[in-house]
Structure formats: C-alpha cells, structure tokens
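> Encoded as structure tokens, here's the structure I'll be asking about.
The values are calculated or read from the model by the stated rules, or taken from the named source; none is laboratory data. Predicted model only: the values in this text are computed from it and were never measured. Quick reminder, even Gly has a Cβ in these numbers, built from the backbone with ideal geometry, and neighbours come from all protein chains shown.
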C-alpha cells in the first residue's frame with residue numbers, strides 16, 4: 001500500500017515539476033487528478049458540509065495551489081504540501097462561517113424605511129404637516145439634505161443618487177441615515 005502512495009505522490013510531483021516548467025498539459029492533468037483527492041479530503045475533515053460548500057472549498061484549494069505553485073519544491077513530497085493547503089483552506093472556510101454568523105443580527109425594527117408612528121408630525125385631522133417636514137429638511141446640512149432629496153424624495157437608487165451627487169454609495173448611505181435620524185429628532189421636538 002505504501003508503495004502505491006509513493007508512486008502516486010511521485011506522479012503528482014513530476015506533473016507539478018513539469019507544470020512549473022510551463023507544461024500546460026501536465027498542469028491540466030495535475031489539477032484533474034487533484035480534484036477528487038481534495039474533494040475527498042475536505043469531505044473527511046468536514047463531513048457535515050453540504051456538497052456546494054465542499055465544492056467551494058475545493059475551488060479555494062485549487063486557486064491556492066495555482067497561486068502558490070512556485071513555492072513547491074519538486075525534491076520534496078507533494079502530498080504534505082497539498083495537505084497543508086487543504087488544511088489551511090478548510091480552516092479559512094470555518095473562520096469565514098463563524099465571522100458571518102457572529103456578524104448577523106436579527107432585525108428588530110425597520111425604522112429607516114418604515115418609521116414608527118410617533119415620529120410622524122401629524123395635524124389634528126391625521127395628515128402629515130408638510131410645512132414642518134419641508135422646514136426640517138431645509139435645516140439639514142447640505143450633504144444630508146441632498147442625500148434625502150435624491151434617495152427619499154426623488155426615489156433614486158443608491159447607485160443613481162451616488163452618480164448624480166458625486167458621493168460614494170457608502171457616504172450616501174451614511175448621509176441618509178444621519179439625515180433621517182436628525183429629522184426624527186427635529187420633528188419629535190415640534191410635537
């Protein structure tokens with residue numbers, strides 16, 4: 001059994017050496033041989049993953065092999081070099097999963113889009129006091145006022161509004177957020 005593994009490693013080593021020397025056919029053969037090996041290694045290490053997640057990690061491993069292929073020394077065994085890459089990409093995927101889950105938060109309220117009723121300035125008949133809203137918008141700093149006009153009043157997409165205003169999408173979002181917060185405060189004080 002050990003002899004077979006040595007022969008397989010020797011074959012992979014020769015393919016990698018030829019690939020490093022510019023032989024595209026050898027590189028193609030190497031990658032084709034690596035796919036089932038890597039897929040199996042990932043499946044063994046993370047048996048709870050679905051097929052799509054396993055394939056994502058396999059692709060990460062192949063991209064890493066491609067990116068660091070020049071670091072492989074043909075005098076050394078190929079399998080341990082590949083195993084280190086697989087181990088690192090599996091660990092990276094675990095860290096990404098934990099980071100994404102720890103950053104997720106349940107939405108408690110959708111106040112930026114759907115403000116609570118108590119922040120609306122209404123007249124006795126229940127209609128919104130348009131003058132108070134116009135005055136509050138006019139009192140905003142220029143950047144926030146422009147952001148509200150484009151995104152909320154003219155109902156432009158963030159991309160369109162960013163293009164129109166010359167602001168980045170990120171700074172436009174911040175300006176809208178701050179403007180809405182300021183408007184709520186000003187309108188609530190009027191009540």
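> State which residue is nearest to residue 68 (Cα to Cα) when the search covers only the range 25-50 and only residues that are out of contact with any helix residue (DSSP H, G or I) (no Cβ under 9 Å at 6 or more places or on another chain) and in a helix (DSSP H, G or I).
In this case the residue turns out to be 32.
> Which pairs do you get when a residue that is in a loop (DSSP other than H, G, I, E, B), found in the range 152-164, comes within reach of a residue that is surrounded by 11 or more Cβ atoms within 10 Å (Cβ to Cβ), reach meaning Cβ atoms under 6 angstrom, with the pair 6+ apart or on two chains?
Short answer, once both residue conditions are applied: 156/150.
> Between 132, 91, 182, which is touching a helix residue (DSSP H, G or I) at 6+ places or on another chain (Cβ under 8 Å), in a helix (DSSP H, G or I) and either closer than 30 Å to residue 61 by Cα or at pLDDT 85 or above (or both)?
Step by step, each of 132, 91, 182 is checked, and only 182 is touching a helix residue (DSSP H, G or I) at 6+ places or on another chain (Cβ under 8 Å), in a helix (DSSP H, G or I) and either closer than 30 Å to residue 61 by Cα or at pLDDT 85 or above (or both).
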